[in-house]
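**Student:** Mind looking over this structure? Questions follow.
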Amino acid sequence: MAEGKVDPVHQFTIEPLFGTDHLALAGYNIAFTNSALWMAITALVLVVFVGGGAKQAQVPGRWQMAVESFTGFVDDLLRSNIGANGRKYLPYVFSLFMFILFANVLGLLPLALIGLHPFTPTSHFTVTGVLAIMSFSIVLIVGFAKHGFHFFSLFVPHGTPALMIPIIFPIELISFMVRPFSLGLRLFVAMMAGHVLLEVLSGFVISGTNGGALTFGIAALPSFLLMIGICALELLVAGIQAYVFALLTCVYLNDAENLH
Amino acid sequence: MPQIAQLATTYSSQIFWLLVFFGLVFFVVGRGMVPKVMATVDSRDKQIAADLAAADAARKAADAQEEAWRTQASRQRAEAQALIATAKAEAAKAAEVRLVEANRAIDARLAEAEARIAAARAGALDEIETVAAEAAGDIVSRLAGLAVDQDAARVAVKELLHG
């Protein structure tokens, strides 16, 4: 990296840690990377957060109220999308929503100030893709287990004339098969775009400040002010993307559970 | 873009560690803690609903008791009013009776007194006649030197007095 230049995508580089470069399982490399480390931190923070609120007090404290508002939020999401049957998906959708939310937010924290380099696992499509495939697999398993081959009637909307079925069926099938890709890519792209934007703007701040008073005034300062606003926007996006992922999982599960 | 450039070397590690840590979250948080939290929330909701229902029932009971008390109070008030009214009527009747009696007694005494007065007056007139007749006899005997019969004097005086 040249002096005063910032590589906006360097932050997404995966580096093996603790000398585990060649750790392998059945021939596949499973090095413990910075990405894995931040997934571990996310899981740990999540366990601590929810564990601290699982005190089961009849009159809840602040922490318990916070955890209960999250579980209640996901529970409402399931109830409004799937109905009373949605309760059984609460463990999965809650884990999904909180894991994505915490991973997104932890990756935004200014921990570099104390020497840590935050990494956002959800900015990698290998991670978001696995989460999307997991949701999609659950939809398929539930759909076929509950409705058998009748599940294919999902691709023929109500009131379709018989003549139109040969055309509608492939269209619906394609839109169904695209779901895991759109689900995974949406989260990955939103996370990556925000981080790249912040990095590019911070590059402007650094080179503008190095370039003297004039470039500081016309480039560095406006970029810095813009960064402050975009940081707030990114916090919003972190929450919204987690919500969208959980919401779409609920909507897809509703298809499998209730089939129209 | 490292996501694509490093794909071949890192995909297995990414997928493996995601499954490890997401699995950890799912089993420890999702399966372990969330049901407890939801059970607490549900039991609290149930408790609140039960408490509200109990409070509502208690309020209804209190309302019913108040209503009963109110009807009882108004009934007792009506009874008291009726009692007062009869007592008043009886007292008025008794007073009237006693008034009538007293009037009668007064009338009787009045009539008696009037009779006495009339008798006294009659007695007094007789006496005046006698005195006047004697005086007339005396005057006549003194002035004319006549001896007047007592009865004649009396008749004369009576004629004079009564016209």
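The values are calculated or read from the model by the stated rules, or taken from the named source; none is laboratory data. Remember, it's a predicted structure, so these values are computed and weren't measured experimentally. Here Cβ is always computed from backbone atoms with ideal geometry, including for glycine, and neighbour counts include all displayed protein chains.
**Student:** Report, by residue number, each residue of the stretch A:115-167 that is assigned to a loop (DSSP other than H, G, I, E, B), exposed (fewer than 15 other Cβ atoms within 10 Å of the Cβ) and at pLDDT 85 or above.
**Tutor:** Matches in the stretch A:115-167: none.
**Student:** Sticking with this one: Checking A:LYS88 against (1) loosely packed, with under 14 Cβ neighbours inside 10 Å; (2) closer than 30 Å to A:CYS231 by Cβ; (3) within 14 Å of chain B (Cβ to nearest Cβ), which single condition isn't satisfied?
**Tutor:** If we test A:LYS88 against (1) loosely packed, with under 14 Cβ neighbours inside 10 Å; (2) closer than 30 Å to A:CYS231 by Cβ; (3) within 14 Å of chain B (Cβ to nearest Cβ), just (2) comes out false.
**Student:** Among the residues of the stretch A:66-79, are any farther than 19 Å from B:SER43 by Cα, more than 10 Å from chain B (Cβ to nearest Cβ) and modelled with pLDDT of 85 or more? Steps first, answer last, please.
**Tutor:** To start, the set of residues in the stretch A:66-79 that are farther than 19 Å from B:SER43 by Cα comprises A:77-78.
Cutting the leftovers down to more than 10 Å from chain B (Cβ to nearest Cβ) gives us A:77-78.
Keeping just the survivors that are modelled with pLDDT of 85 or more gives A:77-78.
Yes, the conditions are met somewhere in the stretch A:66-79.
Residue by residue, here is whether (1) in a helix (DSSP H, G or I); (2) more than 7 Å from chain B (Cβ to nearest Cβ); (3) more than 18 Å from A:PHE125 (Cα to Cα) holds:
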residue: A:ILE14; (1), (2), (3): no, no, no
residue: A:THR20; (1), (2), (3): no, yes, yes
residue: A:ALA36; (1), (2), (3): yes, no, no
residue: A:MET39; (1), (2), (3): yes, no, no
residue: A:LEU46; (1), (2), (3): yes, no, yes
residue: A:LYS55; (1), (2), (3): no, yes, yes
residue: A:VAL59; (1), (2), (3): no, yes, yes
residue: A:GLN64; (1), (2), (3): yes, yes, yes
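**Student:** Just to check your reading of the model, which residue among B:PHE27, B:PHE22 is of a type in the set (A, V, I, L, M, F, W, C), surrounded by 15 or more Cβ atoms within 10 Å (Cβ to Cβ) and facing chain A (nearest Cβ under 10 Å)?
**Tutor:** B:PHE22
**Student:** Of all residues in the stretch B:30-46, how many are under 52 Å from the mean Cα position of the chain (by Cα) and either within 7 Å of chain A (Cβ to nearest Cβ) or within 16 Å of A:TRP63 (Cβ to Cβ) (or both)?
**Tutor:** Final tally of qualifying residues: 0.
**Student:** Can you tell me which of A:PRO180, A:PRO161, A:PRO222, A:PRO166 is in contact (Cβ under 8 Å) with a residue 12 or more places away in the chain and either more than 14 Å from every other protein chain (Cβ to nearest Cβ) or on the phi < 0 side of the Ramachandran plot (or both)?
**Tutor:** Answer to the check: A:PRO180.
**Student:** Here's another thing I want to ask about it. Answer with yes or no whether A:PHE97 is part of a helix (DSSP H, G or I), closer than 28 Å to B:MET1 by Cβ and modelled with pLDDT of 90 or more.
**Tutor:** yes
**Student:** Looking at the stretch A:93-141 only, could you name the residues that are away from chain B (no Cβ under 14 Å) and in contact with an Asp or Glu (Cβ under 9 Å, 6 or more places away or on another chain)?
**Tutor:** Answer for the stretch A:93-141, where residues must be away from chain B (no Cβ under 14 Å) and in contact with an Asp or Glu (Cβ under 9 Å, 6 or more places away or on another chain): A:ASN104, A:LEU108, A:VAL139.
**Student:** Please identify the pairs in which a residue from the stretch A:106-121 that is more than 21 Å from B:THR10 (Cβ to Cβ) has its Cβ atom under 7 Å from the Cβ atom of a residue that is surrounded by 18 or more Cβ atoms within 10 Å (Cβ to Cβ), counting only partners at least 6 apart or on another chain.
**Tutor:** Sorted first by the residue in the stretch A:106-121, then by its partner, the pairs are A:LEU108/A:GLU234; A:LEU108/A:ALA238.
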